[in-house]
1. Please go through segment 70-80 and give me each residue that is open to solvent by 20 Å² or more (accessible area, probe 1.4 Å) and out of contact with any Gly (no Cβ under 8 Å at 6 or more places or on another chain), ordered by number.
2. Does segment 84-91 contain any residue that is modelled with pLDDT of 90 or more and surrounded by fewer than 16 Cβ atoms within 10 Å (Cβ to Cβ)?
3. Cβ-Cβ below 9 Å, separation at least six or inter-chain, first residue in segment 133-151 and open to solvent by less than 30 Å² (accessible area, probe 1.4 Å), second hydroxyl-bearing (Ser, Thr, Tyr) and assigned to a loop (DSSP other than H, G, I, E, B): which pairs?
4. Kindly indicate whether any position in segment 122-132 is in contact with a Gly (Cβ under 8 Å, 6 or more places away or on another chain) and either on the phi < 0 side of the Ramachandran plot or touching a residue at least 40 places away in the same chain (Cβ under 8 Å) (or both).
5. Could you tell me how many of the residues in segment 1-44 are touching a residue at least 12 places away in the same chain (Cβ under 8 Å) and assigned to a loop (DSSP other than H, G, I, E, B)?
6. Here are some residues: Arg165, Arg193, Arg209. Which one is of a type outside the set (A, V, I, L, M) and modelled with pLDDT of 85 or more?
7. If I filter segment 1-31 down to residues being out of contact with any Pro (no Cβ under 7 Å at 6 or more places or on another chain) and farther than 29 Å from Ile181 by Cα, which single residue comes out as most open to solvent (accessible area, probe 1.4 Å)?
8. Kindly indicate the residue of segment 38-55 that is open to solvent by less than 20 Å² (accessible area, probe 1.4 Å) and touching a helix residue (DSSP H, G or I) at 6+ places or on another chain (Cβ under 8 Å) and also farthest from Ser72 (Cα to Cα) among those meeting that condition.
Amino acid sequence: MQTDPGAYVRDWEQARVDALVADVFGYNALQVGMPGLDLLRANRMPFKAYAGSVLLEGAAACAAPGATVMASAEALPFDTESIDLLVLPHGLETTDFPHEVLREVERVLVHEGRVVITGFNPWSLWGIRNRLPWMPEWLPQSPDTLVSLHRLKDWFKLLSLDIDRGHFGCYVPAFRTNRWIERCAFLERAGDRWWPVCGAVYMVSATKRAAGMRLIGAPWKTSPLRARSAQAAGAMNRGEPSAPGAMRDRPDPCVGN
């Protein structure tokens, strides 16, 4: 993130995440990974924490007024259903166990809590260059560890996470200098309109949903006495005998006692 293309990605992610988390309300917000980049600065939750397996220099100052925790994304030191907002910048690409990371994210999120994930798109110009064997290394992750948005949606289906919005960005080709990145800045708007799924970076937001439950009880039971009374009342209203022999048992009003 200290190179020119890295700053290009960082600025795009910072602007998108700021706009997304500004209206997320709750009590506890957590950013896992890249603690030197404050992706929770626009959020107004009272408690913010920054967790990572490697703490960069200056991360403590960046994390103020929250807390900085050294932890692995596969085993977060937080209670179950205790986090309202969790931001995971490139967290699925920097681990050998992305499924465990997602399960841990689902565990610590409260119901209706939100997770924001960013990652490099393997089906982009940057991802294609990263797979060419004769080209020098471009992305910090290998091609095998990149997680596409399509695969991420399949993983979300296995958990209680529903995608509510997503964005692609950084359509400028893989240039090493800021000079060429600025020259091709017009491709940002063109790519967003004509080939939106080919952005070098994606950001997706998902909400944890609780599975609905419907209680099914025993059917209402009607006593035989009530059933016969209702049947007799209906027959009398229609002017019919309520039961066989009912007219024979009824006294004739024209005959004396």
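The values are calculated or read from the model by the stated rules, or taken from the named source; none is laboratory data. Since we're looking at a predicted model, the values are computed, not measured. With ideal geometry, Cβ positions are generated from the backbone for all residues, glycine too; neighbour counts draw on all protein chains shown. The area values use the complete protein model at the heavy-atom level, side chains included, leaving out ligands, DNA and RNA. Shrake-Rupley method; radii C 1.70, N 1.55, O 1.52, S 1.80 Å.
1. Once the filter is applied, which keeps residues that are open to solvent by 20 Å² or more (accessible area, probe 1.4 Å) and out of contact with any Gly (no Cβ under 8 Å at 6 or more places or on another chain), segment 70-80 yields Ser72, Glu74, Ala75, Pro77, Phe78, Asp79, Thr80.
2. Taking segment 84-91 first, the residues modelled with pLDDT of 90 or more are 84-90.
From the residues that got through so far, the ones that are surrounded by fewer than 16 Cβ atoms within 10 Å (Cβ to Cβ) too are none.
For segment 84-91, residues modelled with pLDDT of 90 or more and surrounded by fewer than 16 Cβ atoms within 10 Å (Cβ to Cβ): absent.
3. Gln141/Thr94
4. At the first step, the residues of segment 122-132 found to be in contact with a Gly (Cβ under 8 Å, 6 or more places away or on another chain) are 124.
This time we only want the ones that are either on the phi < 0 side of the Ramachandran plot or touching a residue at least 40 places away in the same chain (Cβ under 8 Å) (or both), so: 124.
Yes, there is a match, as at least one residue in segment 122-132 is in contact with a Gly (Cβ under 8 Å, 6 or more places away or on another chain) and either on the phi < 0 side of the Ramachandran plot or touching a residue at least 40 places away in the same chain (Cβ under 8 Å) (or both).
5. Quick first cut of segment 1-44, residues touching a residue at least 12 places away in the same chain (Cβ under 8 Å) only: 1, 3-5, 7-10, 12-14, 16-22, 24-44.
Adding the requirement that they be assigned to a loop (DSSP other than H, G, I, E, B) leaves 1, 3, 22, 24-27, 33-44.
Counting residues in segment 1-44 that are touching a residue at least 12 places away in the same chain (Cβ under 8 Å) and assigned to a loop (DSSP other than H, G, I, E, B) gives 19.
6. On the way: Arg165 fails: modelled with pLDDT of 85 or more; Arg193 fails: modelled with pLDDT of 85 or more.
Only one candidate qualifies: Arg209.
7. Checking each candidate, the answer is Phe25.
8. As a first pass, look at segment 38-55 and keep what is open to solvent by less than 20 Å² (accessible area, probe 1.4 Å): 39-40, 43, 45, 49-52.
From what's left, touching a helix residue (DSSP H, G or I) at 6+ places or on another chain (Cβ under 8 Å): 39-40, 43, 49-50, 52.
Working: Leu39: 18, Leu40: 19, Asn43: 23, Ala49: 14, Tyr50: 12, Gly52: 6 Å.
Going through the qualifying residues, I end up with Asn43.
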